[in-house]
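Below is one structure, written out as structure tokens; comments come after it.
The values are calculated or read from the model by the stated rules, or taken from the named source; none is laboratory data. What you see is a predicted model; the values in this text were computed from it and never measured. Neighbour counts are summed over all protein chains in view; Cβ atoms, including those assigned to glycine, are modelled from backbone coordinates with ideal geometry. For the accessible areas, the whole protein counts, side chains as well, though only heavy atoms, and no ligand, DNA or RNA atoms are used. Shrake-Rupley method; radii C 1.70, N 1.55, O 1.52, S 1.80 Å.
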Amino acid sequence: AEPVVRTPSGAPFVGRARELARVRAALGDPSAVVVVEGEAGVGKTRLVAEALAALPSPPGSGALTVACPPMAGLYPLGPVVDALRDVDVAALGLSPLAGALRPLFPEWQERLPPPPEDPGDPAAARHRQLRALVELVSALDPDVVVVDDAHDADPVTVDLLLLLASPTVACPLVLTYRPAELGPNATLLRLIGRIGDTGAGHRVALDPFEIT
């Protein structure tokens, strides 16, 4: 039987010692992308929380957490906006590219650069907005970005995650998701398909505990 792990939270953590060690080790690599998969209630969020609690900084203070609720797909980038809404953007010294964030954060109008010229192409405008979000996250310099329930993320948020998973962003990215919630053409599969068990990619599957 696997040992009972005494975690920084003080509560016993049973049966996931191997998986916890893998996630903790991965978080030491700024280019790491960690995917934790399993069915509902299997302990994905708890596993990540215990790994974060072992970070050198106070538990949770160095993590940017994006929570994707079941209806997140109806609101492009909604979970990301909710996670960043309380940021003091004026103190970050962002480039003029940050003006592209005005439609997402109307409450930041006085603290953002002027809006950039309309490129006349919705795809180009969206890509510029995603680049501005990457700049914002990079300026915040979190210890780790966590996306919980990524199976509910909208396609535009997944596009952002693909950018955040690039080597140019020096911050580990951790995703939790339920494989059963993804169809064969789900946008998230583009990101998961890049994750291997070597290099900076880490895929951690949690199976249900067997009851005997």
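General observations
- Within the range 90-105, restricting attention to residues that are at pLDDT below 95 and in a helix (DSSP H, G or I), the residue that is surrounded by the fewest Cβ atoms within 10 Å (Cβ to Cβ) is Ala91.
- Residues (open to solvent by less than 60 Å² (accessible area, probe 1.4 Å) and in contact with an Asp or Glu (Cβ under 8 Å, 6 or more places away or on another chain)) located in the range 37-47: Gly38, Val42, Lys44, Leu47
- Failed item, numbered, when Pro116 is tested on (1) outside any helix (DSSP H, G or I); (2) open to solvent by 60 Å² or more (accessible area, probe 1.4 Å): (2)
- Yes/no for Gly120 being modelled with pLDDT of 95 or more and over 19 Å from Thr157 (Cβ atoms): no
- Restricting Glu210, Glu181 to those that are over 13 Å from Pro79 (Cβ atoms), modelled with pLDDT under 90 and of a type in the set (Asp, Glu) reduces the list to Glu210.
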